Amino acid sequence: MTNARQLSKLDIAITFISNIRHLIPLIILVIINLKGFDFMKSLWGILAAVLIVILNGVFSFLSWKKFQYSLEQDRIIIRKGVLNREEKTIYYNRIHSVNVQQPLLLRIFGAASLQIETPGGKPGQAEGKLRVLKHGYALELQQQLKYLRSANADAKQAGGANELTGQGQLISNPEEAAELIAGQGPGQSVHEQWKTGPSSNEPVLGQVQAGPSSKQSAHGQWQAGPDSSEPVHQHGQAGPSSSQSVHGHWQAEQSSEQLRNGPYTEDRYDYYYHISFGQLLKASLTSLNLNFALIFIFGIYSFADDVLEVVFPGLYDKLLNGIIDQYSALPIILLLGLTLLVLGFVWLLSIAIYLIKFGDFQISRTLEQLSVSYGLLEKKSFIFDQNKVQAVIMDENPLRQWLGFAELRVQVITSNAMEQLVIHPFVRKKDIPAIMEQLLPDRKLDLREQLLAPPRSAYRTYALLPLIIVLLAAAGAIWWWKWNGLWLLLLLPVIAIWRLLCMRSAGVWLEGNDLILRKRSVNRTTYFVRRKHIVTLSMKASPIQRKRQLHNIHVQVLGSVFAYRVKSIADEHLLPIWSWYSRRTKE
Amino acid sequence: MQRELTQKLHPDYVKASRLSSILFHIVTLLLVSGWLVFALWKDWTLVPVWIAYGILLVSFVLFTWIVPIYEFRSFSFEVFEEEIEIQSGIIFRSNILIPMVRVQHVEVGSGPIMRKYKLASVNVVTAATKHEIKGVHQQAAEELKQHIGELAKVDEQHD
């Protein structure tokens, strides 16, 4: 390995801290049980704690020490691992994209991580990762890698680097190598070249701006050049005369014509979007994403007793007794109040969770590759080919539906993710066609409100079973709690209305090669599926449905565990779909 | 959905299905009886045992006499040039369409009871789903496997 480089020394601190972060649950457990946990107060306990800290420090240091990477003529080599050594070689021309990311912890230290993605790489897990670099250096390296990549690709096209330059020997200095590959004179190092290079070498992805004034764009500070109307990526700032706003707007490249002719078209974003804080806040306020919060509450519930006991000894009993004393007097108001309090808390919590989950959401499209990343604490990022999209899914919770907003997802198959990826967490429904035009040009969505809905006679198939279940539950409750069980009967009208709404929302539509399915459980979900992506199509019917000439339609798509299904659509609407999908009747 | 499917299961499927139901119920009967003995010995309540016997009786009648016949009657399939259609389900009837281009492979398998009647089941596997044609003659199953395998090779040119 020649010219080996190392990560920033900050890596030691950051590894140290993130190792400790893994221990947080343990620490909490120990603190809570401190009273009954004499071991921790003994000399041995303290010694053990100190030992853990020291070991962690040593390990962090070693893992920094053993992490080396070097830029070779045609590849980057990464060596790492304290006990298990690992060496990874990535050829520049295989690099698909180079991302610089700043998770919270790194941001605090002014550091960043650099991720090298290759087409075969797993999503959300970069092929090569340089954990901790100074932010400025990471961006520099990003550009350098991109430069080397394209230089390599060019050289390869011209028949190989060595032949081109007439030199057979391996060149150890990467900068020198890249110069030779690019056919440049020796005077200028790559380093400088990509930074200040001629206009044709304008770096692209990171928008390190190479304008005439680019020398002032020192580390970490990004400026859009005076002429640039490109969207500014990362944590950029728009230059004074930049015509486009940076945050929160869908940005299409406008001056792409001239730029497209440049040598690095490959890297150019065809589409880029970064969520603004305002939109994120609106999205979280309307998310109604209670399940996360509920799980969280259940999670802390087990701790709650212990915590309360430690913080306010005796409070729990007092409170409980208080409630029981008052129970006869004003139970309903108290219960209602408590319920509202808990619900309010859950709501706030769900907002916070949503903000953390989808914070810093960004999506970009480069040629046919889409790249999505989001998350404040835990950064998730996915890259997939637009041809791998099996279905587009529009999800509207009741609140958002009322306000005219939706969440857009896609069903993709990737090597380790079989799930629906959010490609836009919060979008005005009116804007969807325009956005899809740019994001997935071959998937124009036809957002019609009126689909072929289940007929009125289908209501029985929607409501009968849930109502029977509620009745049985009510019967059980009455048998068990006597008169109080009658309250459960109040659920009957709720269920009846809910099922009516479900039926009203359901529907199918056939539009060219697209099948549109819509259903509601609580959220209204619309699936847009292309014929070629349907693995199997099936129709199912119970005797009641057969009598009324209704069927459920099930559409199985790759990447989804369950089929997309819509209940009780009239046969007259389903038969065209059946023959549309059938290979036989078509001819 | 709108066309008649001509292929049926082999009539012996009913016999095989009955035999396996009888065997299953005998084993379960022995287990429940064991439980009865244990409950008598330990002086436990016998209510669950009687319930289990009741369920067992009903399920015996259902799955030995009624279900196999209706299963046989309601199951039909057909292999077309470009797709397979399978109809199944006694109460909840389902029609499924599997395009040949989606078929990944075909599996043929048979248990000891099925083998006794020279029957086998054919599993048509796609990337996402698996569909069973359970109970055709062994030779027919082999032919079916070959046939579908041939047809599934064809590339799809159009969307």
The stretch A:359-369: number of residues that are crowded, with 22+ Cβ neighbours inside 10 Å and within 12 Å of the chain's Cα centre (by Cα): 2
Subset of the stretch A:497-511 (residues that are within 17 Å of residue A:526 (Cα to Cα) and either in a helix (DSSP H, G or I) or of a type in the set (S, T, N, Q) (or both)): A:501, A:502, A:503, A:504, A:505
Right, residue A:505: more than 23 Å from residue B:87 (Cα to Cα) and either basic (Lys, Arg) or at pLDDT below 90 (or both) or not? no
Among A:517, A:500, which is surrounded by fewer than 16 Cβ atoms within 10 Å (Cβ to Cβ) and more than 14 Å from every other protein chain (Cβ to nearest Cβ)? A:500
Given the residues A:448, A:443, which is the only one that is among the charged types (D, E, K, R), surrounded by 16 or more Cβ atoms within 10 Å (Cβ to Cβ) and either touching a helix residue (DSSP H, G or I) at 6+ places or on another chain (Cβ under 9 Å) or in contact (Cβ under 8 Å) with a residue 40 or more places away in the chain (or both)? A:443
State yes or no: is residue B:9 away from chain A (no Cβ under 14 Å), of a type outside the set (Val, Ile, Thr) and not in a loop (DSSP other than H, G, I, E, B)? no
Reported set for the stretch A:520-534 where residues are of a type outside the set (D, E, K, R) and more than 12 Å from chain B (Cβ to nearest Cβ) is A:521, A:522, A:523, A:525, A:526, A:527, A:528, A:529
Only one of (1) at pLDDT below 90; (2) exposed (fewer than 14 other Cβ atoms within 10 Å of the Cβ) does not apply to residue B:31, and that is (1)
What about residue A:570, is it under 30 Å from residue A:429 (Cβ atoms), buried (at least 18 other Cβ atoms within 10 Å of the Cβ), more than 7 Å from chain B (Cβ to nearest Cβ) and in contact with a His (Cβ under 6 Å, 6 or more places away or on another chain)? no
Tally time: how many residues in the stretch A:380-425 are surrounded by 16 or more Cβ atoms within 10 Å (Cβ to Cβ), within 27 Å of residue A:115 (Cα to Cα) and hydrophobic (A, V, I, L, M, F, W, C)? 12
Inspect all residues belonging to the stretch B:128-135 and state whether any of them is without any contact (Cβ under 8 Å) to a residue 24 or more places away in the chain and touching a Leu at 6+ places or on another chain (Cβ under 7 Å). yes
Helices (runs of 4 or more DSSP H) within the stretch A:389-496 that include 3 or more residues out of contact with any Leu (no Cβ under 6 Å at 6 or more places or on another chain) and among the charged types (D, E, K, R): none
Can you find a residue that is within 10 Å of another protein chain (Cβ to nearest Cβ), crowded, with 21+ Cβ neighbours inside 10 Å and not in a strand (DSSP E or B) anywhere in the stretch A:535-557? yes
If you check residue A:411 against the conditions, is it of a type outside the set (Asp, Glu) and within 15 Å of residue A:389 (Cβ to Cβ)? yes
Being basic (Lys, Arg), within 16 Å of the chain's Cα centre (by Cα) and either outside any helix (DSSP H, G or I) or surrounded by 17 or more Cβ atoms within 10 Å (Cβ to Cβ) (or both): is that true of residue B:18 here? yes
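Results for (1) at pLDDT below 85; (2) over 27 Å from the mean Cα position of the chain (by Cα), shown as yes or no for each residue.
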position: A:38; (1), (2): yes, yes
position: A:50; (1), (2): no, yes
position: A:53; (1), (2): no, yes
position: A:58; (1), (2): no, yes
position: A:67; (1), (2): no, yes
position: A:116; (1), (2): yes, no
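Each row is one residue, and each column tells you yes or no for (1) touching a Ser or Thr at 6+ places or on another chain (Cβ under 6 Å); (2) at pLDDT below 90; (3) farther than 18 Å from residue A:568 by Cα; (4) of a type in the set (Lys, Arg).
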site: A:441; (1), (2), (3), (4): no, yes, yes, no
site: A:445; (1), (2), (3), (4): no, yes, yes, no
site: A:448; (1), (2), (3), (4): no, yes, yes, yes
site: A:451; (1), (2), (3), (4): no, yes, no, no
site: A:454; (1), (2), (3), (4): yes, no, no, no
site: A:463; (1), (2), (3), (4): no, no, no, no
site: A:468; (1), (2), (3), (4): no, no, yes, no
site: A:478; (1), (2), (3), (4): no, yes, yes, no
site: A:482; (1), (2), (3), (4): no, yes, yes, yes
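Listed here are the residues, each with its yes/no results for (1) among the hydroxyl-bearing types (Ser, Thr, Tyr); (2) free of Cβ contacts under 8 Å to residues at least 40 places away in the same chain; (3) assigned by TED's automatic domain parsing to the domain that holds residue B:116.
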| site | (1), (2), (3) |
| --- | --- |
| B:1 | no, no, no |
| B:18 | no, no, no |
| B:26 | no, yes, no |
| B:40 | no, yes, no |
| B:52 | no, yes, no |
| B:61 | no, yes, no |
| B:64 | yes, no, no |
| B:67 | no, no, no |
| B:87 | no, no, yes |
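The values are calculated or read from the model by the stated rules, or taken from the named source; none is laboratory data. Values in this document were obtained by computation on a predicted structure and should not be read as measured data. In this analysis, Cβ positions are derived from the backbone assuming ideal geometry, glycine residues included, and neighbour counts consider all displayed protein chains.
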